[in-house]
Amino acid sequence: METSLLETFLTRARQQPDWPVLDFERKRFTAGELAQRVSAFARALVHHGLKPGERVALFLENSPAFVIAYLGTWSAGGVVVLVNTQYRQVELGHILSDAEARVCVTGAEGAAELAPLQARLPALEWLVTVEPPPGPMPWPTHDFDALLASAPASAALRLPEGDALAVLGYTSGTTGRSKGAMLLHRNVLANVRAVTEAWRWTNADRLLLALPLFHTHGLMVGLHGTLYSGGSVDLRRRFVASEALAALSEDASLTMFFGVPTMYGRLVEEARRTGARVRPLRLLVSGSAPLSPQLFEDVAETFGQRILERYGMTETIMNTTNPYEGERRPGTVGLPYPGQEARVVDVRTRAPLGAGETGEIEVRGPHVFAGYWRRPDATAEAFDAEGWFRTGDLGERDADGYFRITGRARELIISGGFNVYPREVEEVLALHPSVAEVAVLGLPDPDFGEQVVAVIVPRPEAPPEAQALVDFCKDRLASFKKPRRVVVVEALPRNALGKVQKHVLRERLQG
Ligand code: MLC
Ligand code: AMP
């Protein structure tokens, strides 16, 4: 029995080297070609001194290079650190220094973003770039293709053990400082088995994948499932509704599409505008953010298909899913995957609740991560003595076992499937000279589901200019975290303890 997804992929690549696993921008990679490059990348890492367990950050757009660097890092015994390409100085500096990444694989823009951070990243030793860097870099820098071409012909590569660390996925806590969720090879393997089994994913499947590979949905569902099942993937650099719709209408080989609700909303709009007809696929999956029953119906009407909604998170990969066979209920996230558990507990007493009662969702099983990187305090808080993980999501289970997510125990805005922690944006805005006080919250948005809104109390001597505040955020944080709306008030509503009452602000702003 294999102990890692890497082993499954390499074994199949040996047996079926001509398996056409990956298409990207009119270039096709067979499994044999991909495996050969994965091995070359791993040999190059080892040659340059990477030791087992050391971290390699991928700050990279979707491309074959991402897949090669990802699997190649595993093959060298390394640990992949995933970094959203929109991240800027604040997030990037924190993640790369916290993970003590030794190597970073990136593009030209990424290299430009990294360069000023040299003093903060003493562990970072060298870069691999998939495009020429914008100028001289403060680290030794290797071109990706040249690195593969010059890899030594042999190196002792060992397959990872199941208990070895595979990925650090950074996810924010309520403090605004993101934490690295430690996923082991056995977590990854257990979940991809469960997902492919639940969705009847086989080597006859071909997935259109336009989700970013630096997050769970695109990577650990889309790519992992493809590699595990022996199917194939049509990988896109990014999601463009017109292009995705054209592929879904014209390419008869596609059998699946996975997306966040924002993508489905845009696809429906595009289909209505152009009258394009999507071919019936075997499976449409939505997740990462709530899919409204209205959008579920719109997709059913436009595409003739009932979306399968599922629920996951960085720490646990996939938790629950609507059934492949059986009823897919709009507004629910279905039932636990095979071999995994989920329950709802009272937020205060932590006692398990019965059907129809609302509390916090907890999950347990072989898919659940091993804890937060170098944060035993946060890890201890996140688990109970019996190994149940507190998701921070509020919900209920109905009499048939279907889970419904009704809210969040933690303060979190999900905009177009990307997470924004209000505290992180508040900390940046509080540094602006015209801001005396600030509260950030999420309000409904027709395209992104939720939007970031900043409520500001200005300093008397420095009246704020909304655009300047937005730009201030954009210079420091990922652009999707910037406020879409800035509201100026004289005072923030506070309770007797002085805590900002965001629910009062929300009511006022929506009213
Ligand atoms: C982009 N922008 C966003 C945004 N995405 N703003 C708010 N929310 C978002 N989600 C902003 C950019 O910062 C930019 O602003 C402008 O929109 C245009 O950028 P773009 O790159 O052209 O955007 P677009 O291609 O339209 O992106 C929309 C999107 C993207 C839906 C394709 O957001 C996306 O790929 N979302 C998927 C996220 C995802 O994979 N989540 C999974 C997490 S895993 P400006 O001002 O700079 O021009 C997880 C677990 C699980 O949650 O269960 O799956
Ligand atoms: P992340 O930390 O980026 O992995 O985001 C995980 C969070 O996304 C979960 O804790 C949920 O709040 C949310 N999420 C994922 N899937 C769904 C879904 N189908 N419906 C509602 N929220 C979801």
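Quick note: the coordinates plus some simple rules give every number you see, no bench work behind them. What you see is a predicted model; the values in this text were computed from it and never measured. Methodologically, a virtual Cβ is constructed for each residue, glycine included, from the backbone with ideal geometry; neighbour enumeration extends over all protein chains shown.
Within segment 379-441, which GluC sites (Glu not before Pro) sit in a loop by DSSP and count at most 14 neighbouring Cβ atoms inside 10 Å? Qualifying residues, ordered by number: GLU386. Computed across the chain, the Kirkwood hydrodynamic radius from all distinct Cα-Cα pairs reaches 23.8 Å. Each Lys and Arg contributes +1 and each Asp and Glu -1, all at the Cβ; summed about the Cα centre of segment 5-184, the dipole is approximately 240 debye. Taken over the alpha carbons of segment 5-184 as equal point scatterers, the Debye sum produces base-10 log I(q)/I(0) values at 0.13, 0.14, 0.20 Å⁻¹ of -0.64, -0.74, -1.44. Longest stretch of the chain clear of exposed loop sites (trypsin sites (Lys or Arg not before Pro), DSSP loop, at most 10 other Cβ atoms within 10 Å, sites excluded): 159-347. Restricting segment 1-92 to GluC sites (Glu not before Pro) that sit in a DSSP loop and have at most 14 other Cβ atoms within 10 Å of their own Cβ leaves GLU25.
Only Lys, Arg, Asp and Glu carry charge here, each on its Cβ (+1 for the first two, -1 for the last two); on that basis segment 199-316 has a dipole of about 140 debye about its Cα centre. Charge tally around ARG282: other residues with Cβ under 11 Å, Lys/Arg +1 each, Asp/Glu -1 each, net +2. Pairs of Cα atoms nearer than 8 Å and 6+ residues apart set the relative contact order; for segment 5-184 it is 21 percent. Taken one residue at a time, the phi angles of segment 467-472 give Karplus couplings (6.51, -1.76, 1.60, θ = phi - 60°) of 4, 5, 5, 4, 5, 4 Hz. Gly and Pro are set to x. Taken as Cα centroids, segment 42-92 and segment 408-437 sit 28 Å apart, rounded to the nearest whole angstrom. Near LEU184, the amide H atoms lying under 5 Å from its own belong to ALA166, ALA370; only residues 5 or more places off or on other chains count, and H is placed 1.01 Å from N.
Rounded, prolate or oblate: which fits segment 250-392, taking a ≥ b ≥ c as square roots of the Cα gyration tensor eigenvalues, rounded meaning a/c under 1.5, else prolate when a/b beats b/c? It comes out prolate by the Cα gyration axes. In summary, the lysines within cross-link reach of LYS481, defined as a Cα separation below 25 angstrom excluding same-chain residues under 8 places away, comprise LYS179, LYS499, LYS502.
Per residue, the convex hull spanned by the Cα atoms of segment 412-510 amounts to 95 cubic angstrom. Among DSSP beta bridges lying fully in segment 5-184, give the percent that are antiparallel, nearest 5. Close to 35 percent.
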